[in-house]
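Please read the structure below before turning to the comments.
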Amino acid sequence: MTADAFLFWFLALVTIGGGSLVILMRNPIYSALALVFTMCGVSALFVTLGAYFVAGVQLIVYAGAVMVLFVMVLMLFDLKHEIEAFAKGQISGAIKILSGGLLAGIVGGAILASTKLSSPTDAAGAAVVDPSKALGYKLFTQHIFAFEALGVLLLVIAVGAVALARSKGGTHGQR
Amino acid sequence: MGRDIFEISINGVKLLLIFFMMVQAVPILVWLERRGSAFIQNRFGPNRVGPLGLLQLLADAVKFLTKEDFAPDKAVRKLFYAAPVFALIPAAIAYAAIPMSVPFTFPAFEFQGTTWGPYELKAQGYEIGVGIVFILGVASLAAYTILMAGWGSGSKFSLLGALRASAQVISYELAMGLSIVGIIMMYGTFNLTDMIQAQQGPFQFSAFGYTIASEWLPNWGIFYQPVAFVLFFSAAFAESNRLPFDLAEGEAELVAGFHTEYGGFKMLMFFIGEYGHMMIAAGLATTFFFGGYGIPWVSTQEMHQIIMGMGFSEVGAQGLNALVHFLSYNIKFAIFLWIFIHVRWTLPRFRYDQLMDLGWKTMLPWALANTVATALVIYFVSI
Amino acid sequence: MSEIPLGGILFLVVFIALFGTALIFLARAIGGQRDNNSSVKRDIYECGIPGQEKKESKISVKFYLTAILFILFDIEIIFMYPWAISFKDFIASGLGTPVLISMGIFIAIFVYGLWWEVKSKALEWD
């Protein structure tokens, strides 16, 4: 087994293991931390695919910002009810089996569908140019509208988050 | 990690060396901190154990090892014990990506019948093409140490301290990330080694067809981006929870914040992580703004020629070149670490709302202004 | 030039995790146990006052807001990175002006978001 193959299988195991820990753990905070682990695994898999900048961004934004939000918010709550409800409950057991089956179906379908995709033909060409610069070039020439729309979208999210936090008298606590 | 077993083993040993270097720098830094703070406060520091008190940290480490190791009753044991171990990981991984000297080319040699080819040993754990993006990403994982420690302690006060500390850390990550954009624009690369190579020689740049050069200034980043340096360095203080931003562990407020319930060796591991982040900040500041391992006014090639002119062989000249540049890096690195320590014992602590206001309302707009100004200057100077 | 050596990083992560775990086990082994009958020792620290922690106090929602605004501005900063790295190339290839203007619009939206957030006092810590 070559080093690349070993690395891929190891990372795939780590990522899928982390993902399954997310749904199997009872305590939501453990689930969130397992999701962080999964995100780091996905970032490493991006590296094996040659998308180095995206891997770094995945670490900065997903594992370093979004998951911090999840973990911080989960710590604001008292989670004993959630832990009990998750451990017992037959409905939750049924949902687990159902979603597991759904996921298996999606994954199987994706594997079957992807064998029809052509192999990447421009890989040889892209290896010469620095991928990050190529990304910047594409972003500003082909996808400029999406780029600006993203800025507006982020602004809308900011306004919405503040409004949501304020709607129940949030930001000034209880005096 | 390498093409054959020799290179892999060399690289593995190099990685371990860098990690242990980071761990062993902590006793030296703590000694420096205690003696330095004593000097600033006009008293003696530790001066009993060993000459000049140098063995004090060894005694402290042994003392910490012999302390009882327990977790509070209400603690979540898995997170409680995982947090100090996790504290070491982001700091070490990010520090291994910082270049500390010129690469050293090992010529081919014969051993046991096979030719082990020429190797190039880089003076860093691994070279990352997207250097700064990777370092920022890994350093942002430090927030999880704080959160795991705060929640794992099972105490509401630790949790509050952890939430405040992590809110502070993420707020200053913004300023740190944005202040770098000017430097990236100027050098056009994420790779740290390329940035250092671009800062060689005397100060010169071309504007409107003229070349502005100055023989008595080195070509360092700080002369091009002074505002970015101030912002980056200040944000780095907040990232490693150092005074004046150390409210999260400030004694008057929440006892010791998120690491109240930790004692003994686990506490030491948190401090290894904190000093590790300090070292990353010092290393990045020298790389971006002070030419990294370069010697001022002399490029690496010229230095190599000078050493060759002294009559060394090729391999010896390469080794000496790498050593001289490593020394140059360490001098700048030590100066920054001393600045960290000096500032800690000079400035009073910020209040928490002052701290957050500074991060969001002052540093972020200034970093944006710096980015816009740099972009405009680059645009107009080239046009 | 652009590769990330994953093998080295993973090796270092695994080594540090094992090293840290070994250190903790070492500390537990050498430390020993004292005074196991005292339940006060295992209580959390509250400046010496035993057991007055109330469980029902709420934690401010400002942590949530700080984290969300951090995500948003972090994404915007991440979008500046490809621009920063290819800006000089754009200028050299003649596309400097449209790229500068489009990035200027993006930064203007960013500044407006920041200004609105400051004005609406969403992050006032009192």
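One table, with the values for the structure above:
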quantity	calculated
Distance-filtered residues of segment A:1-21 - backbone nitrogen under 14 Å, label point 7 angstrom along A:ILE111 Cα→Cβ	A:13
Three-way shape label, segment A:3-130, alpha-carbon gyration tensor, a/c 1.5	oblate
Integer Hz, Karplus 6.51/-1.76/1.60 couplings in order for segment B:110-125, x for Gly and Pro	9, 8, 6, x, 9, 8, 8, x, x, 10, 10, 9, 8, 8, 8, x
Segment B:298-314 - phi-based ³J(HN,Hα) in whole Hz, Karplus 6.51/-1.76/1.60, Gly and Pro as x	10, 7, 5, 5, 4, 4, 4, 5, 4, 5, 4, x, 7, x, 8, 6, 4
Residues whose placed amide H lies under 5 Å from that of B:LEU121, excluding near-sequence neighbours	B:PHE104, B:THR105, B:PHE106
For segment A:18-25, 3J(HN,Hα) per residue [Karplus equation, 6.51 cos²θ - 1.76 cosθ + 1.60, θ = phi - 60°, Hz, x = Gly/Pro]	x, x, 6, 5, 4, 8, 8, 6
Share of alpha-carbon pairs per 10 Å distance bin for the protein assembly as shown, given as whole %	3, 13, 24, 27, 20, 10, 3, 0, 0
Dipole of the protein assembly as shown, positive end: most advanced residue of B:GLN41, B:VAL230, B:GLN318 [Cβ charges, Cα centre]	B:GLN41
Proximal charge balance of C:PHE73 [Cβ under 14 Å; K/R count +1, D/E count -1]	-3
Three-way shape call for segment B:148-284 based on the alpha-carbon gyration tensor, with the a/c threshold at 1.5	prolate
Alpha-carbon centroid distance for the pair segment A:1-58 / segment B:1-36, whole angstrom	27 Å
Amide H contacts of B:ILE98 (H built 1.01 Å from N, under 5 Å, at least 5 apart or other chain)	B:GLY125
Angle between chain B longest axis and helix B:156-187 axis [Cα atoms, degrees, rounded to 10]	10 degrees
Value at 222 nm in deg cm²/dmol, rounded to 500, when DSSP H runs of n ≥ 4 in the protein assembly as shown each add -39,500 (n - 2.57)	-21500 deg cm²/dmol
Student exercise, segment B:74-227 dipole from Lys, Arg, Asp, Glu Cβ charges, in Debye to nearest 20	1040 debye
Cα gyration tensor category, rounded, prolate or oblate, for chain B with a/c compared to 1.5	oblate
Local net charge near C:ALA29, Cβ-Cβ under 15 Å (Lys/Arg +1, Asp/Glu -1)	+2
Angle between chain B longest axis and helix B:142-152 axis [Cα atoms, degrees, rounded to 10]	10 degrees
Unit charges at the beta carbon, dipole of chain B: most positive-side option, B:TRP338, B:LEU192, B:ILE212	B:TRP338
Residues with amide H under 5 Å from that of B:PHE203, placed H, sequence gap 5 or more	B:SER214, B:LEU217, B:ASN219
Nearest 10 degrees, 0 to 90: helix B:56-65 Cα axis against chain B principal axis	50 degrees
Environment charge of C:LEU95, counting only residues whose C-beta is closer than 15 Å and scoring Lys/Arg +1, Asp/Glu -1	+2
For the protein assembly as shown, with +1 on Lys and Arg beta carbons and -1 on Asp and Glu, the positive-most of A:ALA161, B:PHE157, A:LEU150 along the dipole	B:PHE157
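Laboratory data are not the source of any read-out in this text; all were calculated from the coordinates shown. Worth saying up front: this structure is predicted, and the values here are computed from it rather than measured. All Cβ positions, even for glycine, are placed from backbone atoms using ideal geometry, and neighbour counts span all protein chains on display.
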